[in-house]
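These notes are about the structure you will find just below.
Please treat every number below as a calculation from the coordinates, not as lab data. Quantities reported herein were computed from a predicted structural model and do not represent experimental measurements. Don't worry about glycine lacking a Cβ; one is built from the backbone with ideal geometry, like all the others, and counts go over all protein chains shown.
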Amino acid sequence: MKIRTFFNLLLSGVVSLSSIGCSFKQVGNQETSTKPNYIIFFTDDLGYNDIEPFGAQHIKTPHLNKMAEEGIKFTNFYAQPVCGPSRAALLTGSYPIRIGEPKNTKSLHTKLHPKEITIAEVLKTKGYKTACIGKWHAGEGKGQMPNEQGFDYFFGTPLFNGYTKLIEQADFRCQVLRNKDMVKTINTVEEMGLLTQMHTKEAVGFIKQNKDNPFFLYVAHNMPHVPLGASKNFRGKSEDGFYGDVIEELDWSMGEILRVLKEENLDENTLVIFTSDNGPWIEDVIGDHAGSAFPLKGNKMQTWEGGIRVPTIMRWKGQLKEGIESDELLTTMDFLPTFSSLSGAEIPKNLTIDGKNFSDVILKGSKSERKYFYYYAYSHLQAVRDNEWKLVLPRPARPEYMGWWARKIDAVGEVKLFNMVNDKEEKYNLAAQYPDKVSELMSSIEQTRLELGDKDIIGSGARFFDDTSKTERISKYEKWSKTIK
C-alpha cells in the first residue's frame, strides 16, 4: 500500500492503527508502542492426547486446530504434577518448593503467602488491568485470594469443583464468587455444566471492557477436572462420550476468545497461550471421565511424563511464525519473566525465581534458556531433564508423608536414564551406557537439593516469611522414614 493511500484510509476510518498492530498510547511526553496483552487459557487435568493438535482421534477441536495453524505448538512444555502446586508455579515463576506459604508450612496444594509476588502484581506496575476467571486454588486464607494477589477482578471457584467422579458421591459443593461475593453454589451435574459457559462469558466481557488498556487475563477453566460438566449445547455431541463433550466445549470457549480478539482489533497485540495444569487424572474411581496422556507414561500426581508434560499452543498474530512445532524445553514458570520482559516491567531484584524468559524462543526462533527442569512430587525431588535426557531417581512406593498423593507414587528400584528425543514413553533405561550423563545430571540434582530443598532438606533458596519453625515438612519425612526401616 502506498503511504499516501494508507494515510487517506487512516483519516477516513477504513483502517486504524490498532487494526494493523501499531497503536500508540501517550505516556508522559513520549509515544510508546502499546504493551502486548496476555491471555493464559489454563485447563484442569487435560491429557497430552486430548486435543486434535496433539493426536486426539475422536475429540474434535477445530478452534485449537486453527490456533495451532496460526501459532506454535510446544511438545516439551511442563507444568507441575497436580492442581495447587501447578497454579502457584505459574503465578510466581517459581518451583512450588521455593514458594513461601503461611506459617512456613509446605502444603500438598500450595497456598501462596500474601508476600509472594505474582505475574498480576508485576504487570500492574506497567498499568495492566488484570483478571482471574475460573479456578483459583492457590490459597483461600487472608491475603491469599486473587483480589489480594494482584488481580483487579475475580470470577470463579476459590477451590476445585470436586474430587469424585459424580457430584453426588461427596458432600463437597463448589462455590462461584465474583470478587468476594457469592454468585452460586454448584449442586447438580446440570449446574456444573454451566461453568465453562459462565467463565467464557466473563472472559469475553473482560476483554471488551479493557480493549483500550493493556490487560492480563488468566482463564483457569475447571474442566475437565471431575465432576465433569458440559452445557446442553454440547452434551451427547462428541464421539468420545461425556469427556469428549467437555473438551469440545472448552474448544468452543477458546474460539469465543479468539473471535472477540479479532472483532475488537486486538489480534495482533495479544499473546494467547493454551495449556494445562497437569496430566489426566486416571484412576479406577474416575473411569471414563478421564483423558489420555498417550503416548506418554503416567498421569496426574506422577512425575512420569504423562503427569507433568502438557499440550501447549501459543498464538500472536503477526508476531509469531505460523504453523510451527517446537521441541524447546519451556515451563509455566517462564510466563512471569517473559511477560515482564515484553512489557518492560521489572521483577524485584531481590526476588529469585526459576522461570526463564522465552520471548526470543517465540519471536526469533532462539533456543530456550532453560538448561534443566526438575521434577518434584510434593516436596520430593524425583527426576531431572535437559533437552535430550531425563534422569529418574530411585524411590519407594506410596510414601506416607505424601498424604493422598501417596497412592499414585510407584516404586523405582534403580537410577534410570531415558533419552527423551527417542524414548518419550520412558521404556529404555540407558544409565549403564551413559555414565557421564548420569554423573552430570546427578550433580545438578545435588546442587538443586541444596538450593530448593527435598523431602529431607530445607533449601537455602526457599522463601520463608513468618517467624515460625521451618521444619514441619522434615518432621513429616522423618516420621515416614521410621515406618519403612
Original post:
Once Lys and Arg get +1 and Asp and Glu get -1 on their Cβ, which of N357, P399, L266 lies farthest toward the positive end of the dipole of the chain?
Top reply: N357
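What percent do you get for the relative contact order of the chain when only Cα pairs under 8 Å and 6+ apart count? Walk me through the intermediate numbers first.
On the way: 1083 pairs, mean separation 103.5, N = 485.
Taking the mean separation of contacting Cα pairs over the length of the chain, I get 21 percent.
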Subject >> Over 28 Å between alpha carbons, listed pairs K142/K371; K201/K237; K349/K371; K106/K300; K124/K455; K408/K455 >> reply: K142/K371; K124/K455
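Taking a ≥ b ≥ c as the square roots of the Cα gyration tensor eigenvalues, with a/c under 1.5 meaning rounded and otherwise prolate when a/b beats b/c, else oblate, which class fits region 256-391?
Values: a/c = 1.94, a/b = 1.30, b/c = 1.49.
Taking the square roots of the gyration eigenvalues as a ≥ b ≥ c, region 256-391 is oblate.
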**OP:** Hey, can you grab everything whose amide H is under 5 Å from the amide H of F465? Only 5+ residues off in sequence or another chain; H modelled, so Pro and N-termini drop out.
**Re:** E101, N104
Original post:
Of V246, I313, T110, which is farthest on the positive side of the dipole of region 32-364, counting Cα position, with +1 on Lys and Arg Cβ, -1 on Asp and Glu Cβ, and the Cα centre as origin?
Top reply: T110
Original post:
Relative to the Cα centre, what is the charge dipole magnitude of region 378-447, using +1 at the beta carbon of each Lys and Arg, -1 at the beta carbon of each Asp and Glu, and rounding to the nearest 20 debye?
Top reply: 320
Original post:
Which ³J(HN,Hα) values, rounded to whole Hz and listed in residue order, are derived for region 427-442 from phi using the Karplus coefficients 6.51, -1.76 and 1.60 in 6.51 cos²θ - 1.76 cosθ + 1.60 with θ = phi - 60°, glycine and proline given as x?
Top reply: 9, 10, 7, 10, 4, 5, 7, 10, x, 5, 5, 4, 4, 4, 5, 5
**OP:** Return the aspartates and glutamates within reach of K427: Cα separation strictly under 16 angstrom, same-chain partners fewer than 8 residues apart disregarded; answer none if there are no such residues.
**Re:** E305, E388, D410, E414
Original post:
What order do you get for 92-100, 180-188, 213-221 when each peptide is scored by the mean count of other beta carbon atoms within 10 Å, highest first?
Top reply: 92-100, 213-221, 180-188
**OP:** Would you give the gap between the C-alpha center of region 341-394 and the C-alpha center of region 134-150, rounded to a whole Å?
**Re:** 24
Subject >> Integer Hz, Karplus 6.51/-1.76/1.60 couplings in order for region 44-54, x for Gly and Pro >> reply: 10, 6, 6, x, 4, 9, 8, 10, 4, x, 10
Subject >> Hz values of 3J(HN,Hα) by residue in region 374-386 - Karplus curve (6.51, -1.76, 1.60), Gly and Pro given as x >> reply: 10, 9, 10, 10, 6, 9, 9, 7, 10, 6, 8, 9, 10
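Just how large is the dipole of the chain about the Cα centre, in debye to the nearest 20, putting +1 at every Lys and Arg Cβ and -1 at every Asp and Glu Cβ? Intermediate values should be presented prior to the final figure.
Numbers: 62 positive and 63 negative charges, 182 e Å.
Charge dipole, the chain, about its Cα centre: 880 debye, nearest 20.
Can you bin region 346-398 into rounded, prolate or oblate? Criterion: square roots of the alpha carbon gyration tensor eigenvalues sorted a ≥ b ≥ c, rounded for a/c under 1.5, prolate for a/b above b/c, oblate for the rest. Please report the intermediate quantities before stating the final value.
Numbers: a/c = 3.89, a/b = 1.59, b/c = 2.45.
Verdict is oblate for region 346-398.
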Original post:
Given 4 °C and 1.567 mPa s, how large is the Stokes-Einstein diffusion coefficient of region 373-484 in µm²/s, with Rh as the Kirkwood radius over Cα pairs?
Top reply: 85
**OP:** Using Cα positions and a limit of under 17 Å, work out the aspartates and glutamates in reach of K364, with same-chain residues fewer than 8 apart set aside.
**Re:** E70, E268, E322, E325, D327, E328, D334
Original post:
Under a Cβ-Cβ cut-off of 12 Å, what is the net charge of the residues other than K237 that fall near it, where Lys and Arg count +1 and Asp and Glu count -1?
Top reply: -3
Original post:
Once amide H atoms are placed 1.01 Å from N in the peptide plane, what residues at a sequence separation of 5 or more from G298, or on another chain, have their amide H within under 5 Å of its amide H?
Top reply: G306
Original post:
Taking amide H positions as placed 1.01 Å from N in the peptide plane, with prolines and chain starts having none, which residues 5 or more places from A220, or on another chain, fall under 5 Å of its amide H?
Top reply: F42, I133, G134, K135
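Which whole-number percentage describes the relative contact order of region 63-213, with Cα contacts under 8 Å and a sequence gap of 6 or more?
Values: 211 pairs, mean separation 22.8, N = 151.
15 percent.
Using Stokes-Einstein with the Kirkwood hydrodynamic radius over Cα pairs, what translational diffusion coefficient do you get for region 59-159 at 4 °C and a viscosity of 1.567 mPa s, in µm²/s rounded to a whole number?
On the way: Rh = 14.9 Å.
Value of D from the Cα-based Kirkwood radius: 87 µm²/s.
Can you tell me what the convex hull of the Cα atoms of the chain projects to on average, as an area in nm²?
Working: hull surface 99.0 nm².
The Cα convex hull of the chain, projected and averaged over all directions, gives 24.8 nm².
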**OP:** Report the one residue of S469, T200, I457 whose Cα lies farthest in the direction of the positive end of the charge dipole of the chain (charges on C-beta: Lys and Arg +1, Asp and Glu -1; origin at the Cα centre).
**Re:** S469
